[in-house]
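Taking it in order: structure first as structure tokens, then the write-up.
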Amino acid sequence: MMKGIEDFQKLSQTNMDVAMKAFGEMSKGWQAIAAEFSDYTKRSFEDGTSTLEQLMSAKSLEQAVDIQTKYVKRSYDDYMHQLAKVGSMYAELAKEAYRPMEKLMHTGR
């Protein structure tokens, strides 16, 4: 009877350790994703502000259209790059969070 209780306690402790490792990995991953979004937002705001200043000093309609066109293309390209980057960060987050559980399943403990 005592052996069963000890085994149960050991299993419970192992499961708790795995859960805490997974939580720690997820926490680090979410922090990295939040920092990435923060950096992107800052870059995007700075680029928009710079473009507005350029538009205000445009000497012709043609120059203003050129500035706006380049801004839209740059913004789109940066946004698509950001989506790909954050998507891979989410995938890596899932892998890292699952790794402790995968290890537990392979060892049979």
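Every number in this text was worked out from the coordinates using simple rules, so none of it is lab data. Source: prediction; values computed, not measured. Ideal geometry is used to build each Cβ from the backbone, glycine not excepted, and the neighbour counts take in all protein chains shown.
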> Given N residues in the chain, what is Rg(Cα) / (2.2 N^0.38 Å)?
Replying inline: 1.89
> For the range 47-58, in order, what is each residue's ³J(HN,Hα) by Karplus, 6.51 cos²θ - 1.76 cosθ + 1.60 with θ = phi - 60°, in whole Hz (x at glycine and Pro)?
Replying inline: 5, x, 5, 4, 5, 4, 4, 5, 5, 5, 9, 5
> Which of 27, 44, 87 sits farthest toward the positive end of the charge dipole of the range 26-109, with +1 on the Cβ of Lys and Arg and -1 on the Cβ of Asp and Glu?
Replying inline: 27
> Taking the Cα centre of the chain as the origin, how large is its charge dipole in debye, to the nearest 20, when only Lys and Arg (+1) and Asp and Glu (-1) carry charge on their Cβ atoms?
Replying inline: 360 debye
> Over the range 2-107, what relative contact order in percent results from Cα pairs under 8 Å that are six or more residues apart?
Replying inline: 53 percent
> How much length is gained on full extension from residue 85 to residue 45, taking 0.36 nm per residue of separation minus their Cα-Cα distance?
Replying inline: 12.5 nm
